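The values are calculated or read from the model by the stated rules, or taken from the named source; none is laboratory data. Keep in mind that this is a model prediction, so the values were computed, not measured. Quick reminder, even Gly has a Cβ in these numbers, built from the backbone with ideal geometry, and neighbours come from all protein chains shown.
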Amino acid sequence: MDFSEYRTIIESTPATQRLKYRLAVVWLHPEKLPLSVAAAGGCTDKVIRVPNTAENRYGLRVPVISVDSGTFRGNTNVTDIILGTGIEKIDAESFAGCTALERITIPRAVKRIGAGTFEGCTSLTDVYYEGTPEEWEKVDIVTHKRETVYGELASGAPVQRIVCDKLVPVPGNEVLNTVTVHFRCTVPEYEE
């Protein structure tokens, strides 16, 4: 689906209300810290829109900057996910097993897509990316992990010898090589 057509779906979709959040980072003044989407809260919506901001437990609106590992795992109802423009990180297996997922918007702010994020997303056909092709190339999409095999201890030292150091493929994001990635797709802001 062309982004100009998809934009009408985006504009008519309000932020999903049943999402659960947790602190994205731990530091002083937790009342001001950004949030991460932690769970779908039993959401059965076909279109999920992650808001740019959410109310924290102190009653303040703060930015939503990440999607936790496994947040939407196994959700077989969702067909579309619209991520807020402040999302910087999508953790491992966030959408794994979302077999009906067809389309997702990914903001320019995303710097990392974790291992197995899209594992089993067999219906995924379109990714709408806010940035340019050059920016997409800089996104750290985990497709490999480093594996080190250690041998015996080096004589006279408490250090093991490295027998093998290699990159091993990690399944789950290869679908991003077969989908249509649309560039410069600015998601309109949603007023709460």
message: Could you tell me how many of the residues in segment 93-117 are assigned to a loop (DSSP other than H, G, I, E, B) and within 21 Å of T186 (Cβ to Cβ)?
response: 6
field: Any chance T79 is in contact with a strand residue (DSSP E or B) (Cβ under 7 Å, 6 or more places away or on another chain), at pLDDT below 95 and surrounded by fewer than 20 Cβ atoms within 10 Å (Cβ to Cβ)
entry: no
task: Determine, yes or no, whether G131 is at pLDDT below 95, small (G, A, S) and in a loop (DSSP other than H, G, I, E, B).
output: no
- line: Going through segment 38-95 in order, the residues found to be of a type in the set (S, T, N, Q) and either out of contact with any Ser or Thr (no Cβ under 9 Å at 6 or more places or on another chain) or touching a residue at least 40 places away in the same chain (Cβ under 8 Å) (or both) are T44, N52, T53, N56, S66, S69, T79, T85
query: Does R112 satisfy being closer than 19 Å to R73 by Cα, of a type in the set (D, E, K, R) and surrounded by 20 or more Cβ atoms within 10 Å (Cβ to Cβ)?
result: no
message: Quick check on segment 151-189: of everything there that is part of a loop (DSSP other than H, G, I, E, B) and either in contact with a Pro (Cβ under 7 Å, 6 or more places away or on another chain) or of a type in the set (V, I, T) (or both), which residue is farthest from T125 (Cα to Cα)?
response: V159
query: Is it true that G120 is within 16 Å of P171 (Cβ to Cβ), modelled with pLDDT of 95 or more and part of a loop (DSSP other than H, G, I, E, B)?
result: yes
field: Single residue of G120, G151, G131 found to be under 24 Å from D2 (Cβ atoms) and among the small types (G, A, S)
entry: G131
- request: Given the conditions (1) loosely packed, with under 15 Cβ neighbours inside 10 Å; (2) in contact with a Phe, Trp or Tyr (Cβ under 8 Å, 6 or more places away or on another chain), report the number of the one that Y58 does not fulfil.
  value: (2)
statement: Scanning segment 4-17 residue by residue, those modelled with pLDDT of 90 or more and surrounded by fewer than 18 Cβ atoms within 10 Å (Cβ to Cβ) turn out to be S4, E5, R7, T8, I9, E11, S12, T13, P14
- prompt: Limited to segment 59-84, what total is found for residues that are closer than 17 Å to T105 by Cβ and assigned to a loop (DSSP other than H, G, I, E, B)?
  reply: 7
